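Structure first, then comments.
Readers should treat all values here as calculations from the given coordinates under stated rules, not as data from a laboratory. Note that the structure is predicted; figures quoted are calculated from it, not measured. Cβ sites come from the backbone with ideal geometry, for glycine too, and all protein chains shown count toward neighbours.
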Amino acid sequence: MLKKFLPIPKKRGLRIRKDLASSHLFSKTRINRIFKQIVKKKGERSLDAMPVIKRFLDQETVGYTQAVKAASDYVANISNGGREWLYRKPFDPSPGNLEYFSLMYALNNLLKAMNIREEGRVLEAGSGSGWLTEILLMLGFQVDALEPAADMLQIARNRCQHLGKHYQIDFSEQVYFHQTTIEESEFAEHSFDAIIFFDSLHHVVDEHTALEKVFSYLKPGGCSVLSRVPGIPAIRPWNVNLSRKWTPMAR
């Protein structure tokens, strides 16, 4: 069930609190907890020497370099069938086309709730093989796709290039690919109308740094969404645990 979204505070505090509220994504209790955690952290800190953090999907800690290497090696380590899926996604050819309907149901509801302005600039964090990038481009948005794996970025570039050829549309100045993570990304303040983590937040290692950057990058009135594919009975405990920690809210 979607909660009522929060009004922007009348009093001006630190920008992080204002942006937390204006993104309309978190309960008031969650906002205060994140705010306190962020402002407690002062000074420079190495991504590899980050404090122990209970991550959203498990209680294990992962080194930043280790996580990025795993992402970079992913394409090289998958089967031919897995590589084909990176080009085919979201079009699941298996009986019932479950993955297709799950992905598109989640994405369509997410985009409808976000109501991104016409030709708005979108940051896609963890863009993977570019299937969502393709959809955002066809909807007319300007897209910055973040992905740490070079092989995955090349697949996304190939997909977007072939998409443009197929529909005879030049996307060359509409999409930019960045080989980096959200933690190490560098954009100016108030650069984006929307920031999307579609099934990718669980790959973030330093969640505090990631959230700091998200709230800095958003334009006034912009929004960020943390989304995952709708629940599947076989992984119900996993979904329940995640839902308790992050409850998406509509505008």
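Mind ordering 144-152, 92-100 by average Cβ neighbours within 10 Å, highest first?
Ranking, from highest mean packing down: 144-152, 92-100.
I'd like the distance separating the alpha-carbon centroids of the stretch 156-172 and the stretch 101-150, in whole Å.
Cα centroid to Cα centroid, the span is 15 Å.
What FRET efficiency comes out for Gln174 versus Asn115 if R0 is 22 angstrom and r is the Cβ-Cβ distance? Round to the nearest 0.05.
That gives a FRET efficiency of 0.65.
For the stretch 75-207, what class follows from the C-alpha gyration tensor (a ≥ b ≥ c being the square roots of its eigenvalues): rounded when a/c is under 1.5, otherwise prolate if a/b is larger than b/c, else oblate?
Because its axes are fairly even, with a/c under 1.5, the stretch 75-207 counts as rounded.
Evaluate E = 1/(1 + (r/R0)^6) for Ile78 and His190, where r is the Cβ-Cβ distance and R0 equals 41 Å; express this FRET efficiency to the nearest 0.05.
For R0 = 41 Å, the calculated efficiency reads 0.60.
Which residues' amide hydrogens lie under 5 Å from the amide hydrogen of Ser224, considering only partners 5 or more residues apart or on another chain, with H built in the peptide plane?
Ile195
Determine ³J(HN,Hα), in whole Hz, for all residues of the stretch 195-202 in sequence, where each value follows from phi through the Karplus function 6.51 cos²θ - 1.76 cosθ + 1.60 and θ = phi - 60°; x replaces Gly and Pro.
10, 10, 10, 9, 6, 9, 4, 5
Please turn the phi angles of the stretch 77-85 into ³J(HN,Hα) values with the Karplus equation 6.51 cos²θ - 1.76 cosθ + 1.60 (θ = phi - 60°), one per residue in order, whole Hz, x for glycine and proline.
Per residue, the Karplus-derived 3J(HN,Hα) values read 9, 9, 6, 4, x, x, 5, 4, 5 Hz.
Under the rule of at least 5 residues apart or a separate chain, name every residue whose amide H is placed under 5 Å from the amide H of Asp92.
Result for Asp92 returns Tyr100.
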